[in-house]
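Below is one structure, written out as structure tokens, with a few remarks after it.
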């Protein structure tokens, strides 16, 4: 289990900014499971979800870089949560799965050319002698704009995307599991995304767009 506690290139849990953020958002005297829940909430709502932020640069995926930017997509936020957990001596690793997302904006859908998100990322934390999944991707404001319930995490049960939105419409389906990793397999993920979404990586103007505002406009 030691490999899931040590800092890595991407999960730089020993970076001063990561340590400060984690320490500020959980109290040292509290139980491990309580720390994990507080860290989850801090990353979920403190870092804005932005699927237009993916860059083909390895340094952009370091936890400290994500924290500095204040936004990131699902994998970036999962990396940051894993780093925060490890900085607090909580065993953590990364999990990946292909998912079908029924809630999307028209602009992002055109860039991707599909509603299947390859290598969707989440964090797995070892709490109370078992691995539990935590998905801190969608912040509260974005959930409200998409009319979906915010995803809660109690440290005891897997927290993955709700299959339905508030109105009972399909929200998210997991279609393929890629397993768990001690560090971010960025080269594998980037190759998979560039193959699946070639247009996305050609149109860098996308970064000026506000995904949350798009969601609000389309779901009013």
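Residues of the stretch 1-11 being farther than 13 Å from residue 76 by Cβ and in contact (Cβ under 8 Å) with a residue 60 or more places away in the chain, which ones? Walk me through it before giving the result.
Of the residues in the stretch 1-11, the ones farther than 13 Å from residue 76 by Cβ are 1-9.
Answer for the stretch 1-11, where residues must be farther than 13 Å from residue 76 by Cβ and in contact (Cβ under 8 Å) with a residue 60 or more places away in the chain: 1, 3, 4, 5, 6, 7, 8, 9.
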Give me a count of the residues in the stretch 67-98 that are over 13 Å from the mean Cα position of the chain (by Cα), assigned to a strand (DSSP E or B) and under 16 Å from residue 137 (Cα atoms).
-> 1
Taking the stretch 35-58 only, how many residues are over 14 Å from residue 79 (Cα atoms), in a loop (DSSP other than H, G, I, E, B) and touching a residue at least 12 places away in the same chain (Cβ under 8 Å)?
-> 5
Within the stretch 103-135, which residues are part of a loop (DSSP other than H, G, I, E, B), in contact with a strand residue (DSSP E or B) (Cβ under 7 Å, 6 or more places away or on another chain) and within 27 Å of residue 83 (Cβ to Cβ)?
-> 135
Hits in the stretch 1-34 - residues which are closer than 20 Å to residue 129 by Cβ, touching a helix residue (DSSP H, G or I) at 6+ places or on another chain (Cβ under 8 Å) and in a helix (DSSP H, G or I) | 4
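Every read-out reported here was derived from the displayed coordinates using simple, explicitly stated rules and does not represent laboratory data. Just so it is clear, the model here is predicted, and its values are computed rather than measured. Positions of Cβ are generated from backbone atoms using ideal geometry, with glycine treated the same way; all protein chains shown enter the neighbour counts.
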